[in-house]
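What follows is a single structure, written as structure tokens, with notes after it.
The values are calculated or read from the model by the stated rules, or taken from the named source; none is laboratory data. Just so you know, these numbers come straight off a predicted model, no measurement behind them. Methodologically, a virtual Cβ is constructed for each residue, glycine included, from the backbone with ideal geometry; neighbour enumeration extends over all protein chains shown.
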Amino acid sequence: MSALPAIAALCGTCAAAVIDARTGLIPDRLTRTTTLLALGLAASTGTAPAACTGACAVGGALLALHLLSRGRGLGLGDVKLGTAIGAGFGVTAGIAALGVAFVAGAAYAAWLLATRRARRRDTIPFGPFLAAGTLTAAILSLRALR
């Protein structure tokens, strides 16, 4: 993947994380803009096929989890944000970002439960963890280029 689509996806994901942490929602306008910008930049750098494949893989994985949990475990805003991440980073780095996000989210949830700061039915915004995973994927991608 190219750096420009990844930067667009990272910026959009960080903005979504802040909004999700404050409101519990990720705006469609933000995810749509981020996805289209990442895809447009990928097209301009000749990496559109990888961007489309990444968007489908990452967004599709999150959509499957959304459907399996009947929308209780993961919101559609997270699914749409995952599509933007995949469009910006491609399949490999996008799936890595998801892996980091799920591990970090699970660790945080376990800590909240262990310290009795949350109950099993409480919700936790997932956008900040997607941003942490995306930032990690960006750093790992930079290291791989060296």
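A few remarks follow.
- All positions within the range 109-131 that are part of a helix (DSSP H, G or I) and either among the aliphatic types (A, V, I, L, M) or more than 17 Å from residue 75 (Cβ to Cβ) (or both): 109, 110, 111, 112, 113, 114, 130, 131
- Only one entry in 96, 84, 6, 101 is within 24 Å of residue 144 (Cβ to Cβ), small (Gly, Ala, Ser), in contact with a Lys or Arg (Cβ under 9 Å, 6 or more places away or on another chain) and part of a helix (DSSP H, G or I), namely 84.
- Against the criterion of being at pLDDT 95 or above and either of a type in the set (A, V, I, L, M) or part of a helix (DSSP H, G or I) (or both), residue 90 qualifies.
- Count - residues of the range 78-131 that are within 12 Å of residue 55 (Cβ to Cβ) and either crowded, with 24+ Cβ neighbours inside 10 Å or of a type in the set (Ser, Thr, Tyr) (or both): 11
- Qualifying residue in the range 80-97 (condition: out of contact with any helix residue (DSSP H, G or I) (no Cβ under 6 Å at 6 or more places or on another chain) and within 23 Å of residue 8 (Cβ to Cβ)): yes
- Once the range 60-77 is narrowed to residues that are out of contact with any Leu (no Cβ under 9 Å at 6 or more places or on another chain) and either closer than 23 Å to residue 40 by Cβ or among the polar types (S, T, N, Q) (or both), the residue that is surrounded by the fewest Cβ atoms within 10 Å (Cβ to Cβ) is 69.
- Residue match in the range 12-31 (condition: in contact with a helix residue (DSSP H, G or I) (Cβ under 8 Å, 6 or more places away or on another chain), under 14 Å from residue 91 (Cα atoms) and not in a loop (DSSP other than H, G, I, E, B)): no
- Residue list for the range 132-146, restricted to those being small (Gly, Ala, Ser) and either outside any helix (DSSP H, G or I) or loosely packed, with under 15 Cβ neighbours inside 10 Å (or both): 144
- Candidates 30, 4, 68, 81 - the one that is under 17 Å from residue 141 (Cα atoms) and not small (Gly, Ala, Ser): 4
- Test for residue 29: is it within 22 Å of residue 124 (Cα to Cα), among the charged types (D, E, K, R), surrounded by fewer than 19 Cβ atoms within 10 Å (Cβ to Cβ) and modelled with pLDDT of 95 or more: yes
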